[in-house]
Every structure is written in C-alpha cells, then in structure tokens.
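The values are calculated or read from the model by the stated rules, or taken from the named source; none is laboratory data. Bear in mind that the values here come from a model prediction, so they are computed numbers and not experimental data. Positions of Cβ are backbone-derived with ideal geometry, glycine not excepted, and every protein chain shown enters the neighbour counts. Each accessible area value is taken on the protein alone, full model and side chains, heavy atoms only, with ligands, DNA and RNA left out. Shrake-Rupley method; radii C 1.70, N 1.55, O 1.52, S 1.80 Å.
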Amino acid sequence: MYDEFKALDVVVLSMSTDSRFVHKMWQEHELSKMLQGGVPFPMLSDGGGKIGAIYGVYDEAAGVDIRGRFIIDPDFVIRAMEVLAPEVGRNPKELLRQVKAFQHVRATGEVTPSGWEPGQVTLKPGPALVGRVWEVWKP
Amino acid sequence: MPELKEGCVKPTRGPILPALPPLPAGAISPTQEVTKMLARVGKEAIDFEATAFIEGVGFQPVKLSDYKGKWIVLCFYPGDFTFV
C-alpha cells in the first residue's frame, strides 16, 4: 500500500503523543513483525498534544491524539480531513482514492462525482452543466 | 537536517504559528497556551516541528514545511502498542 502512495509522490507522516523512543521500540518489537522492514515513513512525536490541539484531534481527558487524517496539497493547503474515534481504524483504500481524486482535480480543473475512481467520468463545471449532470453522470 | 544529539528530554518547537500583532500599551498579554483548533479545509496547513523516529535514519527533527511542494498525508493516532 505504501508503494502506491510513494508512486503518487505522497509523503506520509504519522504522529502520536508517544515519544520517539517508544516509536523506535514499537517499530522493532511489533511493526517490523507485521510489515517487512517496519513502517517506512517518519513517526513523529507530539508530546503534550500541542500539535494535535491545533489540528483539532487532541483529547485532553485521555491525553492522546485521536485518529485524525489530513491531506495537504503542494501549496500547503489542507484539502481534506477525517477524524475517527479511536475504536475504528481507517480505510487506506479510501485515502488513496481521495488523493488520486485531488491530484486529478488539481491537474485538470475538472471535478469528481461521488465515489469517483480513476478512469471514470468527471464533470466540467460551468453554465452548460447546470441541470444536465443527469445526462453525463449516472451513478 | 543533522541527527539529534541525543538526550533524555529534547524540547521541540511544536506548532509554529504566525507572530501575533503587537499589543497596545497596557494590554494584558494573552497566554501562550494553544488549545484552539486552527486547521481548516481550504486553508493553509499550520506548520510545526516535532522529533521523529525514521527507520534507517534514527531520530530527527521534522518540520511539516520541509515537505512543502509535495502532497502530504498526516495521520494522528492514539498510541503505539495499541490495538487498531
């Protein structure tokens, strides 16, 4: 999966309130047994949750950052955010789909309808399309 | 960036926020504590610096803006050695 992000020239960063030392131990003792070579991206430490707080994902009561995910474009603008309560894991396939859609939109100026996958029809916004989406897009 | 000289405690800059406008004379300085969510879809990302563990590299300070010009996926999660 990481290779697919790499192929799209996407930088992945993970962040929790654990220290860098704990990240290293987690990599050595567990992650490297789940994934050959362990996780290849930088594992960042947000001790005290100050960064999580400004990203709206720090849970003061628990003292941890909950599952927030942000897509940032090459202009350094946040394009998407998704925040889940800790009990449910993310769907990396959906993340990949969103990155592809944002990259497509940025490259073409087109917009992508609900559930769009690469290769499917996109929409070209403009006066001519108003009221005529039904003609070009049939979900 | 050079590898960190390792110590037990290494302060990092955390969030890097734009400087506040100067206060009028006599005004009470606001606290430096940042707890408000500032990240917004469609707005510039808030820069920060954090220490990182990077496989094959070791410990290194990482600034979000180091990756300006690339697509970035930033993922927060509750904790190492947990279950999901």
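Specify which of the listed residues (A:Asp46, A:Asp18, A:Asp75) is exposed (fewer than 15 other Cβ atoms within 10 Å of the Cβ) and modelled with pLDDT of 95 or more.
On the way: A:Asp46 fails: exposed (fewer than 15 other Cβ atoms within 10 Å of the Cβ); A:Asp18 fails: exposed (fewer than 15 other Cβ atoms within 10 Å of the Cβ).
On inspection, the qualifying residue turns out to be A:Asp75.
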TODO: Examine segment A:82-93 for a residue that is without any contact (Cβ under 8 Å) to a residue 60 or more places away in the chain, assigned to a strand (DSSP E or B) and buried (at least 19 other Cβ atoms within 10 Å of the Cβ), and state whether such a residue exists.
DONE: no
TODO: List every residue pair whose Cβ atoms lie under 6 Å apart, where the two residues are 6 or more positions apart in sequence or sit on different chains, the first residue falls within segment B:39-67 and is more than 7 Å from chain A (Cβ to nearest Cβ), and the second residue, located anywhere, is of a type in the set (S, T, N, Q).
DONE: B:Asp47/B:Ser65; B:Glu49/B:Thr12; B:Pro61/B:Thr51
Task: Residue list for segment B:25-46, filter: touching a helix residue (DSSP H, G or I) at 6+ places or on another chain (Cβ under 9 Å) and at pLDDT 85 or above - done: B:Lys36, B:Met37, B:Leu38, B:Ala39, B:Ala45, B:Ile46
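From the set of residues in segment A:95-124 that are aliphatic (A, V, I, L, M) and part of a helix (DSSP H, G or I), which is most open to solvent (accessible area, probe 1.4 Å)? Walk me through how you get there before you give the answer.
Of segment A:95-124, the ones aliphatic (A, V, I, L, M) are A:95-96, A:99, A:101, A:105, A:107, A:111, A:121, A:123.
Add one more test, that the residue is part of a helix (DSSP H, G or I), and what stays is A:95-96, A:99, A:101, A:105, A:107.
Details: A:Leu95: 16, A:Leu96: 9, A:Val99: 1, A:Ala101: 10, A:Val105: 51, A:Ala107: 87 Å².
Among residues in segment A:95-124 that are aliphatic (A, V, I, L, M) and part of a helix (DSSP H, G or I), the one most open to solvent (accessible area, probe 1.4 Å) is A:Ala107.
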Open item on the list: Going by what's in this entry, would A:Arg97 be described as without any contact (Cβ under 8 Å) to a residue 24 or more places away in the chain and within 17 Å of the chain's Cα centre (by Cα)?
Closed with: yes
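Looking at A:Asp18, A:Asp9, A:Asp65 in this structure, which one is without any contact (Cβ under 8 Å) to a residue 12 or more places away in the chain and not aliphatic (A, V, I, L, M)? Write out each step before concluding.
Details: A:Asp18 fails: without any contact (Cβ under 8 Å) to a residue 12 or more places away in the chain; A:Asp65 fails: without any contact (Cβ under 8 Å) to a residue 12 or more places away in the chain.
It is A:Asp9.
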Task: Looking only at segment A:14-60, and only at residues there that are within 16 Å of B:Leu64 (Cβ to Cβ) and among the charged types (D, E, K, R), the one that is nearest to the chain's Cα centre (by Cα) - done: A:Asp46
TODO: Could you tell me which residue of segment A:50-72 is farthest from B:Pro15 (Cα to Cα), considering only residues that are open to solvent by 10 Å² or more (accessible area, probe 1.4 Å) and assigned to a strand (DSSP E or B)?
DONE: A:Arg67
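Does A:His29 satisfy being in contact with a strand residue (DSSP E or B) (Cβ under 8 Å, 6 or more places away or on another chain) and either of a type outside the set (A, V, I, L, M, F, W, C) or part of a helix (DSSP H, G or I) (or both)?
Working: in contact with a strand residue (DSSP E or B) (Cβ under 8 Å, 6 or more places away or on another chain): no; either of a type outside the set (A, V, I, L, M, F, W, C) or part of a helix (DSSP H, G or I) (or both): yes.
Taking the combined requirement at face value, the residue does not satisfy it.
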TODO: Looking for whichever is modelled with pLDDT under 95, among the acidic types (Asp, Glu) and in the same structural domain as A:Ser19 (by TED's automatic domain parsing) here; the options are A:Glu82, A:Glu87. Which one fits?
DONE: A:Glu87
Task: Matching option when the condition is surrounded by 11 or more Cβ atoms within 10 Å (Cβ to Cβ) and at pLDDT 70 or above, among B:Pro78, B:Pro18, B:Pro22 - done: B:Pro78
Open item on the list: Give all pairs with beta carbons closer than 6 Å in which a residue from segment A:51-62 that is hydroxyl-bearing (Ser, Thr, Tyr) meets a residue that is assigned to a helix (DSSP H, G or I) and open to solvent by less than 10 Å² (accessible area, probe 1.4 Å); count only pairs at least 6 apart in sequence or on separate chains.
Closed with: A:Tyr58/A:Gly49; A:Tyr58/A:Gly52
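Right, A:Gly38: at negative phi and surrounded by 15 or more Cβ atoms within 10 Å (Cβ to Cβ) or not?
Details: at negative phi: no; surrounded by 15 or more Cβ atoms within 10 Å (Cβ to Cβ): yes.
No: the conditions fail for A:Gly38.
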